[in-house]
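Structure first, commentary second.
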Amino acid sequence: MDSCTSSRPGGGATYDHRTLQYPASLAGAVTTPQEQAAADQLCCVYTRVALVSGGRAVLLTYDGGSNDFGTGSFMVVAQQVLDSACGMSMGSADCANRKGCIDAAAKSANFSAVLKTSAAASTSKLLPAQALLLLLPSLLLVLGGRQQ
């Protein structure tokens, strides 16, 4: 479950992955294929799983912040973490860009869907600067037409 080494492209040393610290005491003695597929899906969006001695699941984010996910089963926590990651500014792009990887991880374990990305989470949210770049060619055409 904790074999992921994925790093976010362009993330540098600080912002290259998130870490889900999941209590070893809550994990089963043997990782099920479904749990491994869920961990692989998290890995697709640059979220590594680390089994720790603590009593609560905690997500360490790119910026060093942390989010508490309680004491649920790994499958429940993994779904909550994926939902949370896909709702974050950088994470929404990760989820949209890596949907193929997420789907392949589930299929490799013979599951149609282990963790599900919501339609809203899998749609990339544009930052204002990104939206401006998309509109720039049209804006230049309009402004260019006025000068003639």
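The values are calculated or read from the model by the stated rules, or taken from the named source; none is laboratory data. Remember, predicted model here, so these are calculated numbers, not experimental data. Please note: Cβ atoms are built from the backbone with ideal geometry, for glycine as well, and neighbour counts cover all protein chains shown.
What to note about this one:
- Residues within the range 39-56 that are among the hydroxyl-bearing types (Ser, Thr, Tyr) and over 17 Å from VAL76 (Cβ atoms), tallied: 2
- For GLN36, the criteria (1) part of a loop (DSSP other than H, G, I, E, B); (2) farther than 13 Å from VAL77 by Cα hold in every case but one, which is (1).
- Within the range 4-33, if we keep just the residues that are surrounded by fewer than 17 Cβ atoms within 10 Å (Cβ to Cβ) and within 20 Å of GLY100 (Cβ to Cβ), the residue that is nearest to the chain's Cα centre (by Cα) turns out to be SER7.
- ALA78 vs. criteria modelled with pLDDT under 95, closer than 18 Å to SER6 by Cα and in contact with a strand residue (DSSP E or B) (Cβ under 8 Å, 6 or more places away or on another chain): no
- Against the test of being touching a Ser or Thr at 6+ places or on another chain (Cβ under 6 Å) and either more than 21 Å from CYS95 (Cβ to Cβ) or small (Gly, Ala, Ser) (or both), the options ALA13, ALA50, ALA37 yield a single qualifying residue, ALA50.
- Residue match in the range 21-30 (condition: within 18 Å of ALA105 (Cα to Cα) and either of a type outside the set (Ser, Thr, Tyr) or in a strand (DSSP E or B) (or both)): no
- Residue pairs whose Cβ atoms lie under 8 Å apart, separated by 6 or more positions or on different chains, with the first residue in the range 12-33 and over 13 Å from PHE74 (Cβ atoms) and the second modelled with pLDDT of 90 or more and surrounded by fewer than 11 Cβ atoms within 10 Å (Cβ to Cβ), do not occur.
- Any chance ALA57 is over 15 Å from ARG98 (Cα atoms) and touching a strand residue (DSSP E or B) at 6+ places or on another chain (Cβ under 6 Å): yes
- Selection from the range 67-94 of residues that are of a type in the set (S, T, N, Q) and under 17 Å from ASP16 (Cβ atoms): SER89
- Some residue of the range 64-85 being surrounded by 18 or more Cβ atoms within 10 Å (Cβ to Cβ), part of a strand (DSSP E or B), in contact with a Lys or Arg (Cβ under 8 Å, 6 or more places away or on another chain) and free of Cβ contacts under 8 Å to residues at least 60 places away in the same chain: yes
- Residue within the range 35-42 that is small (Gly, Ala, Ser) and in contact with a Pro (Cβ under 9 Å, 6 or more places away or on another chain) present: no
- Conditions (1) out of contact with any His (no Cβ under 9 Å at 6 or more places or on another chain); (2) within 15 Å of ILE102 (Cα to Cα); (3) at pLDDT below 95; number of the one not met by ALA39: (3)
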